[in-house]
Amino acid sequence: MLAIRLPDELEKRLDNLAKLTGRTKTFYARQAIERHLDDLEDLYLAEQRLTEICAGRSQPIPLEDVLKRYDLED
């Protein structure tokens, strides 16, 4: 279960969309999350990894090593 607070303007837009289309606000919230969660995960996990590399807590992996490891070399 998830409960979120939205700014008034966003809440009004979502409510209006739901009324005009006969769908629920939950339907549209779920759609938005499903469509953008992959991008958010990629972004925030990459930022976290970069922070760890810059702080010396982790080392980058050269592209050549990744390609070799997964047998993706030309």
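A short reminder: the numbers here are calculations on the coordinates, not readings from a lab. Note that the structure is predicted; figures quoted are calculated from it, not measured. Cβ atoms come from the backbone with ideal geometry, glycine included; neighbour counts cover every protein chain shown.
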So, first residue without any contact (Cβ under 8 Å) to a residue 40 or more places away in the chain and closer than 26 Å to Asp74 by Cβ in the stretch 45-63, second residue part of a helix (DSSP H, G or I) and among the aliphatic types (A, V, I, L, M), Cβ within less than 9 Å, six or more apart or across chains; the pairs are Gln59/Ile53; Pro60/Ile53
Scanning the stretch 12-58 for residues that are under 23 Å from the mean Cα position of the chain (by Cα) and among the β-branched types (Val, Ile, Thr), the one farthest from Met1 (Cα to Cα) turns out to be Ile53
